[in-house]
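These notes concern the structure reproduced below.
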Amino acid sequence: MSLLSLTNEGADTPYALSHLDALESEAVHIFREVAGEFERPVILFSGGKDSIVMLHLALKAFAPAPLPFSLLHVDTGHNFPEVLAYRDRTVAEHGLRLHVASVQEFIDDGRLRERPDGTRNPLQTVPLLDAIEKNRFDAVFGGGRRDEEKARAKERVFSLRDEFGGWDPRRQRPELWQLYNGRHSPGEHVRVFPLSNWTELDVWQYIGREKIELPGIYYAHEREVFSRAGMWLAPGEWGGPKEGERVETRLVRYRTVGDMSCTGAVDSDAVTIEQVIEEIAASRLTERGATRADDKLSEAAMEDRKREGYF
Amino acid sequence: MNTSTITTAETSATSLLRFATAGSVDDGKSTLVGRLLHDSKSVLADQLEAVEHASRRRGASAPDLALLTDGLRAEREQGITIDVAYRYFATPRRRFILADTPGHVQYTRNMVTGASTAELAVVLVDARNGVVEQTRRHAAVAALLRVPHVVLAVNKMDLVDYAEPVFAAIAEEFTGYAASLGIPEVTAIPISALAGDNVVTASANMDWYGGPTVLEHLETVPVGADPSADPARFPVQYVIRPQTAEHPDYRGYAGQIASGVLRTGDAVTVLPSGRTSTIVGIDALGQAVDVAWAPQSVTLRLADDLDISRGDLIAPGAQAPATTQDVEATVCHLHDRPLRVGDRVLLKHTTRTVKAIVKDIPSRLTLDDLSQHPAPGELGANDIGRVTVRTAEPLALDAYADSRRTGSFLLIDPADGTTRTAGMAGDSFATPTVEDAARPDEGWDF
């Protein structure tokens, strides 16, 4: 049986939906709710697999009409070139409107300061909130999934953020049935997570089923890397390698795509989607545990960043 | 620790079960959830390592599995679960979404939240204590929310010497109580979450039990009721009009089928206007199909150019619901600010939000003994009661007993947008009978 099988083996009625169809239908419903209730929604698009799947679902939700949302990329200045090329290609192909919020600009004009450890991931929050305020976005789609992290497991599908972009886990609205409450006051906005109920494996199976193209760095390729704190990081202008860190060429791929300074590669020879799925299914590490340095900063790293307005 | 790797078959499970757990503070819910996650390989090495580190820092000798599920700083600091969390795991046979609801803080609204989308609820009981007030509350909430399947997990069987009569007595009492609430069927399973009896693997200590383990039952319980049994309901979410050179005349009504089956050629009525037309096309996310069913998200095209917008409901002409401006419902109040007679609210039903006013609160239910408190005047946080709401515009509302999707609604505060109340239209076991309403308030639930 194929790993991407779409059959409903053992289904109880001829009308059963596969789990991927059920998740797809739910995500589309969420996109359409936002289109129906908000004035100025935007999709956060990083060129990572979750935001690519999110865009794919949004395009399906409104076909054959054009996407009623624009995209927002928070550019850390330390992006993988393959991912930026993918982003620009996608925007051109679908005739989308792209906003870019640049961490580098904020550092250059003094509104942000580079961290001593060189990690720019937490710095994204400031340009993100600035872009939301300037463009008066009232709904901001994120690709966050509840299976990623234990603070995210507490996140609502519609998550109200205050005028500072902050998330208060104690003041969340209860969310019942499929009735999403998007009410907000001027200055507030709502973060919306259509992939809340998807797991990493669901995302990959869906990519396989829908034949969605991804940036090549998600598949095994030879790359120069060096080891820092147990992770393979790619050298670059962001500040690696330091003295004593030895660069070597290895066969690797990425499980997540984020800022180069904190996103690690994993050893892999998976070059097809079937091989990637098999590799993930057998992995003893979570996606973030394997490849994200910033989540290891503290037990509540994600919660703290989310409280400040991170996605 | 189970170090076996997942097989390729495990990545191909195709059906999805949403379920909720309910249990009070010390009945072992975290242990049960921890064991299900752990034994289905949903706890990975780095998560377990983080829990071990955190447990050691706190001076514990063994890893505290509750740290896996308590995701917020305040929860870990206080050692309590504040809020519903959703967890995901898979076996070769099925994918699972678990609504992990806290047992003791604000239990009713949290369980209502978790149960609203659940197809199955696991109610935990401590074998030493048997059916207690909290158990009755959990069963009542499952019944009220019409969760299709209820599992009674009689936990801590190791502490009662795995004695069959203990289990049998609890199962009988619970099943009787559940039947009085209208729960059609209860699956009772004797377990020890700590020792692992009958959670994932069958227990050698209870050879008198011939039923499934908790996981086997979760894997095999039928999901997704047959949509062809229910009348079709299609709340219009969004009108798709490309007006492009390629699609100059396309006009589609986008939405998620709330119940039933829709086919091209079906004669339909649009509510609340009552206008009629015929389905000429169904687009299932880019692909034209002849038939679609709940809960698929699709786009409908109709033969006639009607004035249809978000909030309208499309239903088969012969089975269209009546419309009303007077909604009678059982509600669970969710917010700390009480709901009072005279309150002006917004009512969100499917894709339609209308102004409304709370006309009457005829009764409040005491979940512990299901007694009715007539004319309470207001409902506080976690209270369940009956309300009558008058809406500014007619709604095409079904009874919650007939459709969880088109019979449910929210009451929203128009001033600050907070979600105040969750509503279930029509009668329920919380509907007072004539004698109840006439009986004077004896004050027995204070």
The condition of being open to solvent by 30 Å² or more (accessible area, probe 1.4 Å) and under 28 Å from B:GLN319 (Cβ atoms) holds, among B:ALA375, B:ALA399, only for B:ALA399
The condition of being open to solvent by less than 10 Å² (accessible area, probe 1.4 Å), out of contact with any helix residue (DSSP H, G or I) (no Cβ under 6 Å at 6 or more places or on another chain) and within 12 Å of chain B (Cβ to nearest Cβ) holds, among A:VAL42, A:VAL34, A:VAL28, only for A:VAL34
Filter the stretch A:299-310 for residues that are more than 8 Å from chain B (Cβ to nearest Cβ) and open to solvent by 50 Å² or more (accessible area, probe 1.4 Å); the one that is modelled with the highest pLDDT is A:ARG307
Requiring at least 1 residues that are closer than 30 Å to B:TYR86 by Cβ, open to solvent by 30 Å² or more (accessible area, probe 1.4 Å) and out of contact with any His (no Cβ under 9 Å at 6 or more places or on another chain), the helices (runs of 4 or more DSSP H) wholly within the stretch A:181-298 are A:200-210, A:273-282
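Return yes when A:GLN178 is touching a helix residue (DSSP H, G or I) at 6+ places or on another chain (Cβ under 7 Å), open to solvent by 40 Å² or more (accessible area, probe 1.4 Å), within 14 Å of another protein chain (Cβ to nearest Cβ) and closer than 26 Å to A:GLU26 by Cβ and no when it is not.
Judged against the criteria, A:GLN178 is a match.
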Flagged pairs (Cβ under 9 angstrom, 6 or more apart or on separate chains; first in the stretch B:194-210, closer than 14 Å to B:ALA163 by Cβ; second among the aliphatic types (A, V, I, L, M) and outside any loop (DSSP other than H, G, I, E, B)) are B:ASP197/B:MET157; B:SER203/B:MET157; B:ASN205/B:MET157; B:MET206/B:MET157; B:TYR209/B:ILE189
Those strands (runs of 3 or more DSSP E) completely within the stretch B:220-270 that have 1 or more residues that are touching a residue at least 60 places away in the same chain (Cβ under 8 Å) and out of contact with any Asp or Glu (no Cβ under 6 Å at 6 or more places or on another chain) are B:238-240, B:252-256
The one condition B:GLU328 fails out of (1) surrounded by 15 or more Cβ atoms within 10 Å (Cβ to Cβ); (2) within 14 Å of chain A (Cβ to nearest Cβ); (3) of a type outside the set (Gly, Ala, Ser); (4) not in a loop (DSSP other than H, G, I, E, B) is (2)
Exception for B:TYR253 within (1) within 11 Å of another protein chain (Cβ to nearest Cβ); (2) hydroxyl-bearing (Ser, Thr, Tyr); (3) in contact with a Ser or Thr (Cβ under 7 Å, 6 or more places away or on another chain); (4) open to solvent by 20 Å² or more (accessible area, probe 1.4 Å) falls at (4)
Scanning the stretch A:30-53 for residues that are in contact with a strand residue (DSSP E or B) (Cβ under 6 Å, 6 or more places away or on another chain), in a helix (DSSP H, G or I) and in contact (Cβ under 8 Å) with a residue 12 or more places away in the chain gives A:ARG32, A:VAL34, A:ALA35
Over the stretch B:217-234, the set of residues surrounded by 15 or more Cβ atoms within 10 Å (Cβ to Cβ), at the interface with chain A (Cβ under 10 Å from one of its Cβ atoms) and over 20 Å from the mean Cα position of the chain (by Cα) is none
Counted residues in the stretch A:102-147 being among the aliphatic types (A, V, I, L, M) and closer than 27 Å to A:ALA65 by Cα come to 4
(1) of a type in the set (A, V, I, L, M, F, W, C); (2) in contact with a helix residue (DSSP H, G or I) (Cβ under 6 Å, 6 or more places away or on another chain); (3) facing chain B (nearest Cβ under 9 Å) all hold for A:ALA139 apart from (3)
Residue hits (the stretch A:154-165; over 20 Å from B:TYR86 (Cα atoms) and either open to solvent by 10 Å² or more (accessible area, probe 1.4 Å) or at the interface with chain B (Cβ under 10 Å from one of its Cβ atoms) (or both)) are A:ASP162, A:GLU163, A:PHE164
Restricting attention to the stretch B:416-428, the residues that are outside any strand (DSSP E or B) and over 18 Å from A:PRO174 (Cβ atoms) number exactly 3
Check: If you check A:PRO14 against the conditions, is it within 14 Å of chain B (Cβ to nearest Cβ) and at pLDDT 90 or above?
Finding: no
Per the filter on the stretch B:193-207, residues under 16 Å from B:HIS38 (Cβ atoms), part of a loop (DSSP other than H, G, I, E, B) and open to solvent by 60 Å² or more (accessible area, probe 1.4 Å) are B:LEU194, B:ALA195
Taking the stretch A:65-82 and the residues there that are out of contact with any Leu (no Cβ under 8 Å at 6 or more places or on another chain) and either loosely packed, with under 15 Cβ neighbours inside 10 Å or within 21 Å of A:LEU195 (Cα to Cα) (or both), the one that is modelled with the lowest pLDDT would be A:PRO81
When every residue in the stretch B:332-353 that is within 14 Å of chain A (Cβ to nearest Cβ) and surrounded by fewer than 19 Cβ atoms within 10 Å (Cβ to Cβ) is compared, the one nearest to the chain's Cα centre (by Cα) is B:ASP336
Those residues of the stretch B:402-412 which are part of a loop (DSSP other than H, G, I, E, B) and surrounded by 19 or more Cβ atoms within 10 Å (Cβ to Cβ) amount to B:SER403, B:ARG404, B:ARG405, B:THR406, B:GLY407
Checking B:ALA288, B:ALA284, B:ALA258, B:ALA292 in turn, the sole residue that is out of contact with any Cys (no Cβ under 8 Å at 6 or more places or on another chain) and open to solvent by 60 Å² or more (accessible area, probe 1.4 Å) turns out to be B:ALA288
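The values are calculated or read from the model by the stated rules, or taken from the named source; none is laboratory data. Predicted, not measured: the structure shown is a model, and the values here were computed from it. As a convention, Cβ positions derive from the backbone with ideal geometry for all residues, glycine included, and neighbour counts pool all protein chains shown. Accessible surface areas use protein heavy atoms only, side chains included; no ligands, DNA or RNA. Shrake-Rupley method; radii C 1.70, N 1.55, O 1.52, S 1.80 Å.
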